[in-house]
Each structure stands twice: as C-alpha cells, then as structure tokens.
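S.K.: Take a look at the following structure, please.
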Amino acid sequence: MSQSPPNAIQLQSAGSQSTLAPLPRPPDVQNPPSHSWASLCGPPPWGLSCLLALQHILVLASLLCTSHLLLLQSLPAGGLSFSPAQLLASSLFACGVSTSLQTWMGSRLPLVQAPSLQFLIPALVLTSQKLPLALRTPGNSSLVLPLCGGPGCHGLELWDTSIREVSGAVVISGLLQATLGLLGGPGHLFPRCGPLVLAPSLVVAGLSVYREVALLCFTHWGLASLLIVLMVVCSQHLGSCLLPPRPWRPASTSSTHTHLLAFRFLSVLIPVACVWTVSALLGLSIIPGELSAPTKAPWFWLPHPAEWDWPLLTPRALAAGISMALAASTSSLGCYALCGQLLHLPSPPPHACSRGLSLEGLGSVLAGLLGSPMGTASSFPNVGTVGLLQAGPRRVAHLVGLFCVALGLSPRLAQLLTTIPLPVLGGVLGVTQAVVLSTGFSSFHLADIDSGRNVFIVGFSIFTALLLPRWFREAQVLLSTGWSPLDVLLRSLLTEPIFLAGLLGFLLENTIPGTRLERGLGQGLPPPFTAREAPMPQKSKERADQEYELPFSIQNLCPCIPQPLRCLCPLPQDFGNEERGPSEPGEIADLLPDFGDQCPQPSRGESQ
C-alpha cells in the first residue's frame, strides 16, 4: 500500500528439499511430498488446529494494530470518548462473525476475514480532507500536526466525528459489496479474469505494503531481523524435520503413526514467541501509544450498534465508501484465486465468488455499525500464512472465527494484542506478504509470457499501479475539482494499488486481441478454470467441486430462493452426484487433491 501515514509513529516503552529417511508407509508410496500428512489425510487433531488458529490470530493482529494505529495517527491532537481497546474489540467481533459465515456458507474457502488495508487509504483520504487547510502539507509523506490548545482548536471535536464518518463509509462500502454479490456481479466478472489479470494483482498486493512494513520494522530493526530469520529457518530450512511419530486418527478409523512437520506448522508461533520473550527480557516492549488507554478496559463487553454513536453518513463518506467497496472487492477476488491456487483447487466458481463477496459486505456493515473504522475482507497475509505453513483445513478457519468473537467480547483480552512489539508485527507482515508476491510471479507461467501482448499487459499494469499512488503522494498540488466528495472518490481510487492493477489488467486483457492459449485460459474447460486444471484427474475435480458447495441443509433452500438471487446457488449440474451423497459442512478429507491417494490405508481387518 503506497499511502503513508500522515505523521510519524510515537511510541512508549512499557522446507527445504533435503533427502529424508523413508517413512513407514504402504509399499506403493514413494518419495513423500513436502506437504504434511495432516493436510493430506483430513483435518488435523484439535490441539494442532488450535495452534494453527493461534498463528492466524497473530497475523490478524498485525493487520488490526497496523490499520488502527495509522488511522488514529492521521487525526489531529485529541482523544476518544471511549477506550481504544473497545475499538479493537468491535473489529475483532466483526471479523469473527464474518470469518464464520464465510467458511460456512460463503466462498467455503478457509479464508480469514481481517481489517483489510484496502479500507485504510480511503479512510486516510477522508480524514485528511476534513483537516483545516493550515494543517495539510502536500508533498510530504509524513504530516506533523502541531498540538492545538487554543479556543479555535479543531482536534477535540474532529476526533470522534472523524471516526464516525469513517464508520459511515465502512457501512456504505459493505452495503455496496453485498449488493454486488447478490446481483451476481463477481460471478460475471471473475470468469474473465485470467492469469494476466490475477497475477499482476497478486504481485502488486505483495509489494503494496512495503512502506508500512518498513515503518513498523524501523522501530527496532534488530528484533525485526531476528523474527524474519527465525521464520525463514523454521519454514524452509527446518520445514522437513520430523518429530517422533505420534499416534492419532486422521480420517479413517485406523490408528496411524504420522510424523509431524512441527517447525513448518509452527513457523509463525515459534519465532513470535521467541522474539517476544527476548524483547521482554531486554526491556524492549514497544507499545504504540495511540492504542494504549490510561483507563483499564472492561473484561466483558457486548458489542452492539450505536455503542458510542451512530455512524455518520455524509456525501464524503459515500464517496469513500464507494472506493472502499471497489478496492475491497478487487482484493477479495484475488484472495479467492490465491487461496484456491495454494490449496491446489480449481478457481472458485461464480456462485462461490458471489456468496463470498455478499457475506463480506455484511461483515463490513456489522463492523461499521459497531463503530469500527475498518471493514472486513479476505486477508492476503493470512492466505500467505496458509502457503507458508502448507496447511489450510477449514476447521482452523472456524476456530479463528470463534477466537475472534471471544476476543471481541473481552476488550481486556483484545488489548493484549497491542502488547506485541511493533517490529514483530512488521516482520510477520513482511514474510507473509512475500508468499503472496511469489505466488503472483508463479502464476505468469500459466500464460504465454513470451508473447509481446502479455509482456505489455503485465508490465503496464504493475508499473502504472505503483506509479500513480506514488505520484499523488508526492504531488505538490492536491487533486481538486471544487467538490469535496468527488475529490475524495478520485483520490481514493487513484491511490489504491490493487484496484488499479486489477482494473488495468482486466481492461487490457479483455480488449487486446489474443488466443485462449496465449491468454492462459483452459482449452475445453469452463471459463473459471485456467490451463493448470487441465491435467487434473476427474476424481480430484469432483473433490474440489465439493469445496465450493453449500452445506446440504442450505442446498435444500436453493429452490425457494427468488430467481434474481439464484446466482448464489450452484447450477443444477454442480450439486454433485446423488449416489456420492452430500458433502459435510466441515472440511473435505483432502484439501490437496493432487496427493490424496498417498494417505495411509487401513489394515485388512478394519473397515474403510
């Protein structure tokens, strides 16, 4: 994200592929893949699932603290009429509800909903446009706002009203997203988004937060470097190290001794715990002052609308909400494709994209009504964590939703997330965003990258998406049309890197002539499926289709849905074979269909 915070942060101290010994397995299985058996043979045990969910909570905390910290610092000197911990708790509660809905009846992918940074740029534009002209200093990436104590000070009265106006923009963006999803807009657009649209968007998504990562790591480069080194060592160098076998029952009724790749599975939790302990021993607990409250937050608190005041709906909030909806929708569609690629699944079908986007919109509406200045959307860093850990069972996403709801009910517990040192948060974001960036680069091979047409589309989309936000940030004259809502809309959209990359890639890909093979589209396959799904076995495709199906109890309600909303339901031929039976609402036994046949089989004396 290329928009920088208006003023400086003020703080207060308070697997490698090495040769392994053969594992005990049936004689017909050779050369085990790098993926763990827990992700191949069904859901992991509950203890491991809780640890995986805790790692996603840590990644979500990095987004939560970073987005709220940068937004609060953009406001003039003043104070909130409520505890910042309650602000974080309301966001966590909305994230938990949205994650549970998304994994149960949304896109059905194990996607964690978080305060996406795509909401931050319009929020910063909205708050900066509200400041008095004397306080704006164009051309400088960091605004330094002087303390105001006179009778004409705007700080105290602008603080709460600015948060309310941003919350109003979040509500509007959620309503627009939900409307787009209910009308089937993503289902109509996503089939036209081939590799040359998704790959530049993922590359820009990985590069767009380097300024924020550097800003967080700048508080203590030693701790940040130590965390990054430990995450790389655990996930890559020690990723194939096996702990002694531990018996558990993965998917069948037989007891199987399965080796656990503990360093890879815990490649976020172990480094964060080590660096957090080191910083505490050295007295380097770096806590952002804007997120700490002088008064203690309550242990239990039930979030409800209008806790402090209703969101403020203004023409400027409407303009910011439109830009939030467009940017968050583009980002979420890229997350769907990225998650499917990391889990070796076909691209999400249109009905899954429409359901996912509509439920994300409802999550943002809930967040705005609860007073949160950040909406909810599919989180790129959490999807990058799935690729880093090489494990993405749906059970973990369900647990993340429950944990977020529990933290949202207790502001005192939510405030514990702010005690994580800022360099730790920056290091976690840096490594997970690197996975998103590399996945974007790996998607280019699906198309003919040597084609002059494709070279131009990729280069122009990425370069322009990074150039325009930088130019607007450094421009000496702000964009001014004479009407403030239009200024907010244009400036927000033209400084959203992911939206620009997706828009430019979509327009160029669908207007410049090119063959389907050159564009990387599947030959003889439905449009949402790219060329990488062509060699997949039919059995794997059937199992992948089950990932996007609605739960059986909800499938029965599809015939009762009005015709304009039928885009949210699978087509009749997509429901699956009747003799196969309905899919369970939980995770399918094999999230990585390419290696499903390598799971251990039960003994002859035991039933399947």
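S.K.: Using 0.36 nm per residue of separation minus the Cα-Cα distance, give me the extension gain between Leu467 and Ala273 in nm, one decimal.
M.R.: Values: separation 194, 0.36 × 194 = 69.84 nm, distance 3.79 nm.
Between Leu467 and Ala273, full extension yields 66.1 nm more.
S.K.: Report the extension gain between Cys241 and Leu416 in nm, rounded to one decimal, defined as 0.36 nm multiplied by the number of residues separating them, less their alpha carbon distance.
M.R.: On the way: separation 175, 0.36 × 175 = 63.00 nm, distance 3.24 nm.
That works out to 59.8 nm of additional length.
S.K.: Then there is this: Quick one: length gained pulling Ser451 to Leu402 fully straight, 0.36 nm per residue minus the C-alpha distance? Write out the running numbers ahead of the final one.
M.R.: Values: separation 49, 0.36 × 49 = 17.64 nm, distance 4.76 nm.
Value of the extension gain: 12.9 nm.
S.K.: Which shape class applies to segment 293-340: rounded if a/c is under 1.5, otherwise prolate when a/b exceeds b/c and oblate if not, where a ≥ b ≥ c are the square roots of the Cα gyration tensor eigenvalues?
M.R.: The shape class here is oblate.
S.K.: Determine, from the Cβ-Cβ distance of His304 and Cys50 and an R0 of 30 Å, the FRET efficiency 1/(1 + (r/R0)^6), rounded to the nearest 0.05.
M.R.: It comes out at approximately 0.55.
S.K.: Extending each Cα 7 Å along its Cβ direction at Asn510 and Ala475, get the distance between those two points in nm, one decimal.
M.R.: Between Asn510 and Ala475, the simple spin-label model gives 2.7 nm.
S.K.: Can you work out the FRET efficiency for the pair His188 and Leu281, with r the C-beta to C-beta distance and R0 = 41 Å, to the nearest 0.05?
M.R.: The computed FRET efficiency comes out at 0.15.
S.K.: Amide H of Ala377: which non-local residues (sequence gap of 5 or more, or other chain) have their own amide H closer than 5 Å, using H built in the peptide plane?
M.R.: For Ala377, the qualifying residues are Ala114, Ser116.
S.K.: Rounded to whole Hz and in sequence order, give me ³J(HN,Hα) for segment 410-416 from the Karplus expression 6.51 cos²θ - 1.76 cosθ + 1.60, θ = phi - 60°, writing x for Gly and Pro.
M.R.: 10, x, 5, 5, 5, 5, 5
S.K.: Could I ask something else about it? Per-residue counts of other Cβ atoms within 10 Å, averaged by peptide: what ranking do you get for 487-498, 379-390, highest first?
M.R.: Numbers: 487-498: 23.6, 379-390: 26.2.
Ranked by mean Cβ neighbours within 10 Å, highest first: 379-390, 487-498.
S.K.: Still on this structure, I have one more. Using the C-alpha atoms of segment 324-466, what convex hull volume per residue, in cubic angstrom, is computed?
M.R.: Convex hull volume per residue, Cα atoms: 149 Å³.
None of the figures in this text is laboratory data; all of them are computed from the coordinates on show. Keep in mind that what you see is a predicted model, and the values were worked out from it rather than measured. Ideal geometry is used to build each Cβ from the backbone, glycine not excepted, and the neighbour counts take in all protein chains shown.
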